[in-house]
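Below: one structure, written as structure tokens.
Bear in mind these aren't lab numbers, they're just calculated from the coordinates by the rules spelled out. Here the structure is a predicted model, which means the values were calculated and not measured. Glycine also receives a Cβ, built like all others from the backbone with ideal geometry; neighbour counts cover every protein chain displayed.
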Amino acid sequence: MSEINVTPFVDVMLVLLIIFMVAAPLLTVGVPVELPKTAAQALPSETEEPLTVTLAADGTVLIQTTEIARDDLVPRLRAIATERADDRVYLRADGSVPYEQVAQIMGALNAGGFSSIGLVTDVGGPALNGRDR
């Protein structure tokens, strides 16, 4: 017989495809934060991975996914700022965190060398014109 039977190969590839489709969303690691809802649209994507600082509901501060003590935040940010080409940082703060704590973290970001601070929110919140989106 001079023909190659590709049916088992196709079956194995389909099974692997399904496994990767199910496993891929589970590989994304993040910090659970209840972001406030706004009517703002998402920003366009960038070439450099954005720096994200997270303020969780219990008051912990994380740079990307690494927990940082509040006293070490400004020195860490200064070290990171020297290595990055962009001075843009995204602040993810839980909706239940008081504004005073958010403002303190924003001040630390500014002192750390980041002058362009973006606040991350979820879409679908109320618009200022009184209508929900």
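Length available on full extension from Arg84 to Ala111: 0.36 nm per residue minus the Cα-Cα distance, which gives 8.2 nm.
Modelled spin-label separation between Asp71 and Gln41, with each label point placed 7 Å from Cα along the Cα-to-Cβ direction: 4.6 nm.
The tail of the calculated P(r) for the chain, taken as Cα-Cα distances beyond 26 Å, holds 41 percent of the pairs.
In whole percent, what relative contact order does the chain give with Cα contacts below 8 Å and a gap of six or more residues? Working shown, then result.
On the way: 156 pairs, mean separation 39.5, N = 133.
RCO, the chain: 30 percent.
From most to least packed by mean Cβ count within 10 Å, the peptides 50-60, 77-87 give 50-60, 77-87.
Based on DSSP H segments of at least four residues, each scored -39500 (n - 2.57), the chain has a per-residue ellipticity at 222 nm of -10000 deg cm²/dmol. Across Asp94, Asp72, Asp11, mean-square fluctuation computed from a Gaussian network of the chain (C-alpha pairs under 10 Å connected) peaks at Asp11.
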